[in-house]
1. Order His52, His115 by their accessible area, 1.4 angstrom probe, all chains in place, largest first.
2. Could you work out the relative contact order of the chain? I mean the mean sequence separation of Cα pairs under 8 Å and 6+ apart, divided by the number of residues, in percent.
3. Can you give me the angle between helix 66-97 and the longest principal axis of the chain, using Cα atoms only, in degrees from 0 to 90, rounded to the nearest 10?
4. Please name which of Leu142, Trp54, Tyr27 has its Cα lying farthest along the dipole of the chain towards the positive end, using unit charges on Cβ (Lys, Arg +1; Asp, Glu -1) and the Cα centre as origin.
5. What is the angle, in °, between the Cα long axis of helix 241-275 and the longest principal axis of the Cα atoms in the chain? Nearest 10 is fine, range 0 to 90.
6. Rolling a 1.4 angstrom probe over the protein chains, ignoring ligands and nucleic acids, what is the accessible area of Arg157 in square angstrom, nearest 10?
7. Taking θ as phi - 60°, what are the ³J(HN,Hα) couplings along segment 55-64 by the Karplus curve (6.51, -1.76, 1.60), each to the nearest whole Hz, with x for Gly and Pro?
8. Per-residue accessible area for Glu55 at 1.4 Å probe radius, Å² rounded to 10?
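The values are calculated or read from the model by the stated rules, or taken from the named source; none is laboratory data. Since the model is a prediction, treat every value here as computed from it, not as a measurement. Cβ placement follows ideal geometry from the backbone for every residue including glycine, while neighbour counts extend to all protein chains displayed. In case anyone asks, the SASA skips ligands and DNA or RNA and just uses the protein heavy atoms, side chains included. Shrake-Rupley method; radii C 1.70, N 1.55, O 1.52, S 1.80 Å.
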Amino acid sequence: MKTKKSKIVLTYIFLSIMLVVIIFPVYYAFTMSTFNSKEAYSFPPRFLPSTHIWENYKTAWTTVNMGRLIFNSSFISVTVALAKIGLSIMAAFAFTYFGEFKGKFFFFTTILITHMLPLPIRIVPTYDLMRSFGWINTYYALTIPFFASATGTLLFRQLFLTVPPSLSDAARIDGAGPMRFLVNVLIPLSKTNIGALFLIEFTYMWNVYLWPMIITNSNNMRVVQIGIKMLLASEAQAADWNIIMAGTILAMLPPLLVLLIFQKTIMEGFSLKEEK
């Protein structure tokens, strides 16, 4: 009994230490965002917030037009996440419920192979394609190349394979067509996967830096990650880390909001798996 209690105590101590390790950088970034320039470079470093929070956040917001950048990143992230989910569900549905159509294994294997190609290999041909379409510096170039998702297709396909065939047979007997079966049965069963994939894809697109940097050439089409880089001073000047950290905290808020929205859905999915 004592051994079991000791293990529980040690587990909580370990988890508490890991929690501090994870949270401390975020806390210090927020603390830094409340300093003035002199306090930001003070030694030893300060770990308590100062009183310059509003002026720092206002400076970070106005210097790089942060509102526009957050809108761009939010629009791109939401659009890509929804498109990936929709296309992944349709592809997985086809691979699972449309029988052994010709080339099924070849097409599915090809989809998985595309996931293995690193981004730098695809940048040059994708850029040339976007240029031929006249999509440079547009939302089309920032979103459409990311619509396909091998991960999402595999995720939903594996989920659909666990659905008992009796459900599709019962739906067919009741007169439900394939699309009705997908909308009324499969999608509600995929709620947890949809929430998890949306969170993953939203966060991924929110943090994309290289492609928007290449494909856009005006500040109005930049994304929030580029905005943080724009807050860095030139090499001839010392960086205003208090302003940079203020911009970083602002950039963290939308992904945090998305996490809070989908947290309940994801946790419900974990609870159902534990019950099973």
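1. Of His52, His115, the descending order of accessible area is His115, His52.
2. Taking the mean separation of contacting Cα pairs over the length of the chain, I get 32 percent.
3. The answer is roughly 20 degrees.
4. The listed residue farthest towards the positive side: Tyr27.
5. Once rounded, one gets 30 degrees.
6. The accessible area comes out at roughly 60 Å².
7. 5, 5, 5, 5, 5, 5, 5, 8, 4, 10
8. Accessible area, nearest 10 Å²: 110 Å².
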